[in-house]
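Please treat every number below as a calculation from the coordinates, not as lab data. Everything quoted here is computed from the prediction, not taken from an experiment. Heads up, the Cβs are rebuilt from the backbone with ideal geometry, glycines too, and the neighbour counts pull from every protein chain shown.
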């Protein structure tokens with residue numbers, strides 16, 4: 001199965017338009033070229049991320065930290081990386097600074 005068809009199927013599974021999966025295409029392509037274990041982990045992360053987006057769309061809610069959580073999870077899978085506390089706090093620091101600049 002091609003990356004495009006897989007992403008299309010995952011989007012349909014979660015009630016999302018096909019375009020919702022476009023940002024995940026490079027990651028799915030990487031997954032399809034990876035070993036079985038890595039492929040499964042990456043595809044599970046993509047499926048979970050699309051599932052969360054589908055849930056948010058259905059309920060009208062949105063978890064602003066959701067995309068960051070996906071990025072951290074993917075980084076761990078691809079690079080065996082664990083972020084430091086400072087890196088984990090970077091997003092909240094950026095949000096505070098961004099909001100105070102706009103005020």
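Annotations
- Listed by first and then second residue, the pairs linking a residue in the stretch 7-32 that is at negative phi to a residue that is surrounded by fewer than 20 Cβ atoms within 10 Å (Cβ to Cβ) and not in a helix (DSSP H, G or I), with Cβ atoms under 7 Å apart and 6 or more places separating them unless they lie on different chains, are 11/17.
- Top-ranked residue in the stretch 16-54 [being part of a loop (DSSP other than H, G, I, E, B) and touching a helix residue (DSSP H, G or I) at 6+ places or on another chain (Cβ under 9 Å); ranked as surrounded by the most Cβ atoms within 10 Å (Cβ to Cβ)]: 16
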